[in-house]
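Here the structure is laid out as C-alpha cells; the discussion comes afterwards.
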Amino acid sequence: MLLPPIHRLVLAGLTWPALLGVIAGTALQLQQATLSSGWIYVCFMLLALMGWAWLATISIAFFKRTVLLLLVFSALGFSATGLRSVVFARQALNPAMEGRDIQVLGVVASLPQTTENGHRFRFDVNSATLDGAPVQLPPRIDLGWYTGQFGVPREPAAPMLASPVVPGEAWRLTVRLKAPHGARNPYGFDYELWLWEQGVQATGYIRTGANDPAPQRLRQTMGYPVERLRQWVRTLIFARMADRSQAGLVAALVVGDQNAIEHRDWDVFRATGVSHLMAISGLHITMFAWVAMGLIGALWRRSGALCLRWPAPNAALLGGLLLATAYAVFSGWGVPAQRTVLMLWVVSASALLGIRWPWPQVWLLACAAVLVIDPWALWQAGFWLSFVAVGVLFASNSGAATQAVTGARGRISHMFREQWVITLALTPLTLLLFGQVSVVGLAANALAIPWVTLVITPLAMAGVVVPPLWWLASLAIEGMNWYLAQLAALPFATVSVAHAPLWAGAAGVLGGVLLVMSLPWRLRLIGLPLVLPVLLWQAPLPLPGEFELWAADVGQGNAVIVKTANHVLVYDAGPRYGLDNDAGQRVLLPLLSAFGARVDALVLSHRDSDHVGGAAAVLLAHPKATLLSSIEDTHELQQLRRATRCQAGQQWRWDGVDFEVLHPSPADYEGKPKSNALSCTLRISNGQRAALLAGDIEKAQELKLTGQGVNLKADVLLVPHHGSQTSSTPELLDAVSPRIALVQSGYRNRYGHPARPVMVRYQDRGIQVVDSPHCGAAHWQSIQPDRVVCQRDIHARYWQYKAH
C-alpha cells in the first residue's frame, strides 16, 4: 500500500486541508474528559491511513478531495495524540503508593529550583522498593528537598541557598509521593497539564527526619551535562553579582531559570507587558538566530572557497539555526523554546528546499509541526500568542515590508510599526486569556525589546566568558527597571475586564486582525464592532434578593467569594504558600478580576495563616474594601487596613440579602483564647435560602451556638475547621441541617482533613459533601440550592486528577 508523497499534495494544492486536519484532530482529542481504549485510537489511525492510500488511487472532484483529506488527517491527529496519551497514562503512580515511604534509586535530571524553604528538582527513577519489595514508579518524578518539616519554612532562606544536589548525580532517597494535583479554578493555571506536558506523573518530597534513612549520594554520572553546566553558570552569576534582583534576571536570560526573578519584579513586568522578554521566549531565540546568521554569513563571505562549496545565505541560515537550537537547549529547552526552534526549522527547511508556499500554508505547517511534537501546547496561552502574532505580521504584510526597509531610520520606523500592529491585534486575545492588558505596553516594549535583546542579553551571555561584563549588564538592567517602574506606577498602567466567553474573545481577535491588515479603511473598520464585546463584557450577576458563593480551590485553607446583585464579600483569603506567594495573588485576585468584581468587604475569620495568608494582596488591590475580623490590634494587617472587630449581633443588608455575625461575642475576646475560638461565623440569608460560613470554630463554640437558640438553619455549610475531628459536632449538624457541606482542604494534607469519622456524621444525615480536592472551585447559587457546580466536572480533561 503506497501512501501519496507530500509533493503530490503540494502540487494538487491540498496541503492546507491536511495541515488543518492535523490541528483539528489534535484539538478534538484534547477535549476528551477521559481517554478511550488504545485499540480505538489504533483503529482510527488504520482507517485514516487506508483512507489516505485510497485517495491516492482515485480521481474525484477538488472539493470532495479537500473534505476527505481534512477528515483523514483529522483522524490521524486525533489517533496519534490519543495513543501517546494512553501510553503515558499507563505509567501513572499507583494510588496505593501515595503517602508511603518508598526507597528510590535514580539520577537528578534537572537544574534544581531554589525556593525559600528548600529545593525542587526532577528525578529519573531507575528502581524503587516499598517495604523491601520492588515496585514500579513513573519514570520521572518531581521532588522537594525541604529545609523545614513538610515544606513549611522555619525562617526565610537565602535567595540562592546552595543546592544539595547536582544534575547527573545518582542518589538513594526515601520519598513520599502523590499523584500530580493542582488547584482548579475558573480561568486559572492548569498545573496538572503543565506536569503532564513535562513528562511528570508524581510529585513528592524527600524524607529527612530523625527516624528516616539519610539521603545517600552514590556517584556523579556522565548524564545531563547541559544541566550541570547550567547549574555551574547560575552559581557563578549569583556569586559575581551583588544585586540579587539583577542576578535573577541575568540567570533567567542566560540559563532560563525564571524562578530566579523576584516576585516584585514580575509584578512590574506584567504591569508593563514585558513579561515575555524575561524568559527564553520565541523573541530571544529568533533574535539570537538572526544575529548568528548575520555573523556566520559575514564570515562565510570572506572565503571564496567556502562560497563556491555552498552559498553564503544557506550556510548562514543553517549555522544560525544550529546555534539558536544550542542556545535553546542550554537555556533549559522549555516548551516555548521548543516551539520556536521547531517553527524556525520548518520555515527555514522550506526555504532551503526551495519550496515557495503562500504564507498561510507555511504558518499552518509550523503550527501542525509543533502539535505533532507537543500536542498539549494547544492549551497553552503562549502557543496562541506566538502563532497569532506571527500570523498577524504575515497578514499585515510586515514580513514583505521588511525586505524593502533600508537605512537606520527605516528600520526603527518598521520596528515601531510591527510592535504597534502586534499590540493592537493581540489586545483582544490577551484580554481573553488573562483578563488584563497593559496600557503602557507599547511604550514599555518600544524600549525594552531592543534593550533586552540587543544589550542586556548579549552582555549577560558574554559574561559567562568575561564575568566583568555582568557589571555592565547590571547597569543596563538598572536603567530599564527604573523606566519600567515609572510606567507601572501610572494609575492607568493596566486595564482589567471581566472574562468574556469564547465567542466574544474569538470575535475580538478577528476584529483586531482586521484592524491591522492591509485592507481599505472601510473594511478594516469592520473590526471595531467585533472588538467591542470582549472590551465591554460584563459578567452575569445574581438577581436582586439572590446570592451566590464561590468556594475557591486554594489548597489547605478557606477562601469564599460571596456575590449579590451589586456587592462582593470575600470570606477569608486562603493560605500563604511562600514568602511572596499566597492565595490572594494566585487565586483570589485573578478570580475577582475575571468576575469584574470590586470587593466591598473582606471578612477574616481569625488570624491563622491558612485564612489570612492572601489578605494583604486583596486589600492592596481593593483599597475601598472594609475589613471585618477577630485579628488582634497588633496584627500586621492592621497597619494596612484598620479592622472592625467582628462581634455577634452585627448585621447589614445588601441587595435584599441579610448578613449576620453569629460568633464571637465580646466576652469571647477576654483572656487569651485560641485563635480558632474567635472565628467569625457569618450567616447569609435572603429569607428563603441561607449559607453558614463557620471558619475554624470547634466543639465548644458549636455547642455554645446551638445552646443560644440562634437561627443556624442553612442550605449550605462551610464545614468548620476543614473537617477536623474537633469540629462538626452532631448538635451543630442537626441545628444547621444543611443540604450541602463544602470542605476546603488540601489534597493529602498533613492534617488528615477531612477526618473520616466527621465525614460519616455528614453521610449519616444525608448531607452532600463537596471537597475541593475532588471538586476544585465550587459554585453554589441561592436560586439552585440543591446544586453545586464543580470546576473539575465542567472542565474535566483526561490529564487531570481523578478521585479514587
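Worth a mention:
- Charge dipole of the chain about the Cα centre (unit charges at C-beta), most positive-ward option of 562, 132, 685: 132
- Any cysteine of the chain lacking a neighbouring Cys Cβ under 4.7 Å - listed by number: 43, 307, 367
- Cα centroid separation - the stretch 179-221 against the stretch 110-149, whole Å: 6 Å
- Considering only the chain, percent of DSSP beta bridges that pair antiparallel, nearest 5: 75 percent
- Check: the chain dipole with +1 on Lys, Arg Cβ and -1 on Asp, Glu Cβ, in debye: 2240 debye
- Accessible surface of the chain, 1.4 Å probe: 62 percent of it comes from carbon and sulfur atoms.
- Mean Kyte hydropathy of 0.5 or more with a Cα span along the axis of at least 24 Å, helices from DSSP in the chain: 38-57, 62-89, 282-301, 312-330, 335-352, 407-434, 469-488
- Tensor-based shape of the stretch 95-152 (alpha-carbon gyration tensor, a/c under 1.5 rounded, otherwise prolate or oblate): oblate
- Efficiency of FRET between residue 565 and residue 299 - r from beta-carbon atoms, R0 60 angstrom, step 0.05: 0.30
- For the stretch 581-595 and the stretch 708-733, distance of Cα centres in Å: 27 Å
- DSSP-assigned coil residues among trypsin sites (Lys or Arg not before Pro) in the stretch 571-672, each with at most 12 further Cβ atoms within 10 Å: 624, 642
- For the chain, the relative contact order is 9 percent, taking Cα pairs closer than 8 Å that sit 6 or more residues apart in sequence and dividing their mean separation by the residue count.
- Mean Cα-pair separation over length for the stretch 415-565, i.e. relative contact order, pairs under 8 Å, 6 or more apart, %: 25 percent
- Summed over the residues of the stretch 632-679 and divided among them, the accessible surface reaches 58 Å² per residue at a probe radius of 1.4 Å.
- Farthest toward positive dipole pole in the chain [+1 Lys/Arg, -1 Asp/Glu at C-beta], among 375, 45, 30: 45
- From the Kirkwood radius over Cα pairs of the stretch 691-782, Stokes-Einstein at 25 °C and 0.890 mPa s returns a whole-number translational diffusion coefficient of 187 µm²/s.
- Relative pair counts by distance (%), Cα atoms of the chain, 20 Å bins: 13, 43, 35, 8, 1
- The stretch 48-98-the stretch 498-574 distance, computed between alpha-carbon centres (Å): 35 Å
- Cα gyration tensor shape for the stretch 20-59, rounded if a/c is under 1.5, else prolate or oblate: oblate
The values are calculated or read from the model by the stated rules, or taken from the named source; none is laboratory data. The structure presented is a predicted model; accordingly, all values stated were derived computationally and were not measured. Cβ coordinates were reconstructed from backbone atoms using ideal geometry, including for glycine residues, and neighbour counts include every protein chain displayed. Accessible surface areas use protein heavy atoms only, side chains included; no ligands, DNA or RNA. Shrake-Rupley method; radii C 1.70, N 1.55, O 1.52, S 1.80 Å.
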